[in-house]
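Working notes for the structure below.
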């Protein structure tokens, strides 16, 4: 059994690297959005031409990024969505909604202070985790049946 | 043609009433989440029994509310998602993600200050509106072909 | 909003009647399996001819009953599955599995002594209830936003 | 033709090993739930934190296990469900229901004393077997056209 | 519960009328192909213009008839397929295959002399009947729980 | 049997009126795009605000119109697509492609001079017609089995 | 591009071998039912136990064979269905119906004398061929763009 | 992440070669229709026999080509549709409609003079490009996160 995992959400800390590193010995593949914030914001206009209106600047970029997001979520068995300390992160919740509607196994990674705000998202998840290490432990258990000692 | 519309998101202003009132003469049906904040938060424990742990308190309630949300979105032709001025509103973005994945026509209602934060959600929408009146004008046009004079 | 509800599972107590009676004033429709035990067991051979082998006797009946079960679950928004005190009730769990895979909202009705044995089924449900009255209260809340006082 | 097979149900005898051993020379892949009973029961709380309430203890574990079950059933061409002599085994019937609704080929492995209780499940199956050897013979025939001599 | 039923297959005897008459008091709706043999054969060329080549004559007609067949099967809860004494009746078996793949409840109506030739079709059915009266008895039982006395 | 029909394509002649008039006595419902050319082109900017760039002017309008098109095609049993004498009419072919992928019965209405250019579209259709009267005759035959005398 | 092809239907001539031999140099994989007539008829009872009633004898076998058929059709890009000179061959038409409903590309292989009887099946096909060589030429053209010289 | 791309539309310039050449170092696979115009037009009659009527000549060919188109689009993550300077190109718009309905990521490649005529198609796309180089830059960005310098 190989698990395909999409790592959605917050892009300002190294949580993805921690999970990938921790799962190094497991039969998993990872996908993720482009995490270079500037490239992600500007990809639309850099490739397809400048827009004087910021709304369309963002729009073109968001659609180009959607090609990658859609592929990543569709191919995934598990979608891990990380909500960080800052920002609105509506795209993270949007990805979670898409994943839920597509029947993907959803794992949320968030701090307790957001429990109430995330209750609808958490209610659709198969696990609510607090640390990247917990995500890794779930992957290890799901693949090998082994629990942390 | 009858349009079924689900009104998702912010529950602290009267935007739903404005849309329903404005569309009074149109062939539309509306559904929405329970907008009584206290009832929505406590429905799980009031019906199914108290929980000492706030996480499970929220969890039980979020799942009961999901019965209504799921029904409302599945039955809808159009899902209108309102992002207000305050709070995280991750459930609104989650609903938008579900609606997008289910192929529903998505209309977003939000102020320009959130344009950048909502760019991924807006990119999946068929209209980004600023006022309830604009939503009504879209419904009127879609059903009757009439534009505001 | 009208809710279609399929009442699956145990057929030896009056739990269905209690729910239907309690929801009399709500915008709901109910469906259920044939609850006449003898008719349900014998429908195959009575209509389609005797079978000397009990396995095929049961097989013919189970398939005729499946016409009704399949229709009831497919049409439902909510599938309520009742696990009683006695018997294996594998058909109840089978219905729950079908309902879950079809994306129906699942409500389980069972006593605490079965919590451990039903944990996988409960994990797929949006509510685990203990009495028919709780099921009614959920239906009332989902449709009207009203909680029991 | 390679067949992917999910082996669901009873975890207290070596029926899985018998099938895997018997099918050693066939073009098949097998998946199964975690069969270490203690790990399976406790995986939720060991990874995600203790719960004072047994219901939530079970709930967390059942959801983590569901990640593996869902993947196993979705990837399978054939789902074999074994009902043993003891226990309620509602999760086995639940898996069978999911498999049936997802259009998987279903093979049931059970003793004649359960024929009547399993008639609805059996009615959805493509084969009702009595021994692991019969399951192997079906796999061999399906893949190679060879019958036992 | 209302059942929608599509009556597919043989068009030279009055089996459809017998079923419709027998089910007069039940909550059912019936659909069927055009049973006027000449009209069914010629509809394509009469409406869309003559074809010198019999193959295209038939082709145009078969496609126009497919509009009705497809609608009838898609709307149906139950597809009854009647195999008569004569002719190849490949369209009946084709309809049965479509109905099976679309998850419809399939009832076959055929004489025992065709049991062997129809074994694959029968294996996908929920009932194999010998007379229109048996079909009616199934419909009555499924809708009302009543067995013939 | 009631047929729902979406009338897609050319908006400069009265072919829709001819079909609706001809089918006045049949059990059919019709839907269609907004056929007021100016309203259709400008709906986006009139409702949602002016755009200096013609591309985004068109974009906003096309998306608002898509709400109606999507609803019309999804609700349809039959999609009739009319290709007229002039213009590129790529939206007509686009609607035809969507209808085909969604399994709708497709009827094309076009003149012989376009046969070669439309061969891929025609190949996915159940009828290629030359006049609105032929479309009406198909609807009449499909619903009543009656051919033109 | 690799094409997966399921070869359904008649089992008394070597048409499968001719196609497989002709397509030796192409990027294709083939699957087919068990073509050993005796094994196919008896597989159910040989593996799962004798049945005194021929109907159940056939039934058990047909279901075991359905495991292979279902897998073969689901995995296929193209389903080729051969109707031979003799027998009812309802299983061939049933397979064609399933393939059509599942959106598979359907190629029929049959002699002109059956054109009228197969018109509904042919109307759902993308090609009606007369010889195994024509099937091979289609596969070669689809994969390489090369036509027979 | 490997991206599967179908290159649909105009066959008279070397835009496909430019994209394939530009993406040489990327983890992509390409599929496309047969671009030999004469072979594409005549494949039906060359393989399956002459037709005196040009309509059926085209029809047979279009259906054989549909086997390849359908496979190419179904397997694709991204469908690029090129609209050239000349011809009606309704098959390109038809492919775009199918791709949109199947949830594929759609990239349009067209000149500004066609913006108005393509507004409905563009509204369903995730990028509207002007040159093959822009398509390549999108593929590179989606796969590697790298923007053109």
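Any read-out appearing in this document is the output of simple, stated calculations on the displayed coordinates, not a laboratory observation. Computed from a predicted model, the values in this text were never measured in an experiment. Here the Cβ positions follow ideal geometry from the backbone for every residue, glycine too, while neighbour counts run over all protein chains shown.
Rundown of residues vs (1) closer than 25 Å to residue F:14 by Cβ; (2) touching a helix residue (DSSP H, G or I) at 6+ places or on another chain (Cβ under 8 Å), yes/no style:
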{"position": "F:99", "(1), (2)": "yes, yes"}
{"position": "F:105", "(1), (2)": "yes, yes"}
{"position": "F:111", "(1), (2)": "yes, no"}
{"position": "F:120", "(1), (2)": "no, yes"}
{"position": "F:124", "(1), (2)": "no, yes"}
{"position": "F:129", "(1), (2)": "yes, yes"}
{"position": "F:142", "(1), (2)": "yes, yes"}
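Which of the numbered conditions does residue D:73 fail, given that it passes all the others? Conditions: (1) facing chain C (nearest Cβ under 9 Å); (2) touching a residue at least 40 places away in the same chain (Cβ under 8 Å); (3) surrounded by 23 or more Cβ atoms within 10 Å (Cβ to Cβ).
(3)
Please go through the range C:81-103 and give me each residue that is within 10 Å of chain D (Cβ to nearest Cβ) and assigned to a loop (DSSP other than H, G, I, E, B), ordered by number.
C:83, C:87, C:88, C:89, C:102, C:103
Can you tell me which residue within the range G:132-142, out of those that are without any contact (Cβ under 8 Å) to a residue 60 or more places away in the chain and buried (at least 22 other Cβ atoms within 10 Å of the Cβ), is nearest to residue G:23 (Cα to Cα)?
The residue in question is G:137.
Among the residues in the range E:80-98, are any buried (at least 23 other Cβ atoms within 10 Å of the Cβ), closer than 25 Å to residue C:40 by Cβ and touching a strand residue (DSSP E or B) at 6+ places or on another chain (Cβ under 8 Å)?
Yes, the range E:80-98 contains at least one residue that is buried (at least 23 other Cβ atoms within 10 Å of the Cβ), closer than 25 Å to residue C:40 by Cβ and touching a strand residue (DSSP E or B) at 6+ places or on another chain (Cβ under 8 Å).
Could you figure out which of (1) more than 14 Å from chain E (Cβ to nearest Cβ); (2) closer than 26 Å to residue F:104 by Cα; (3) surrounded by fewer than 19 Cβ atoms within 10 Å (Cβ to Cβ) isn't true of residue G:146?
Of the numbered conditions (1) more than 14 Å from chain E (Cβ to nearest Cβ); (2) closer than 26 Å to residue F:104 by Cα; (3) surrounded by fewer than 19 Cβ atoms within 10 Å (Cβ to Cβ), the odd one out for residue G:146 is (2).
Can you tell me which residues in the range G:28-60 are more than 14 Å from chain E (Cβ to nearest Cβ) and either closer than 22 Å to residue E:125 by Cα or free of Cβ contacts under 8 Å to residues at least 60 places away in the same chain (or both)?
The answer is G:29, G:30, G:31, G:32, G:35, G:36, G:39, G:46, G:47, G:49, G:50, G:52.
Take residue H:129 and decide whether it is at the interface with another protein chain (Cβ under 8 Å from one of its Cβ atoms), in contact (Cβ under 8 Å) with a residue 12 or more places away in the chain and touching a strand residue (DSSP E or B) at 6+ places or on another chain (Cβ under 6 Å).
yes
Determine whether the range B:109-117 contains at least one residue that is more than 9 Å from chain A (Cβ to nearest Cβ), in a loop (DSSP other than H, G, I, E, B) and touching a residue at least 24 places away in the same chain (Cβ under 8 Å).
The answer is yes; a qualifying residue exists.
In the range D:1-59, how many residues are under 14 Å from the mean Cα position of the chain (by Cα), assigned to a loop (DSSP other than H, G, I, E, B) and surrounded by fewer than 19 Cβ atoms within 10 Å (Cβ to Cβ)?
Within the range D:1-59, residues that are under 14 Å from the mean Cα position of the chain (by Cα), assigned to a loop (DSSP other than H, G, I, E, B) and surrounded by fewer than 19 Cβ atoms within 10 Å (Cβ to Cβ) number 4.
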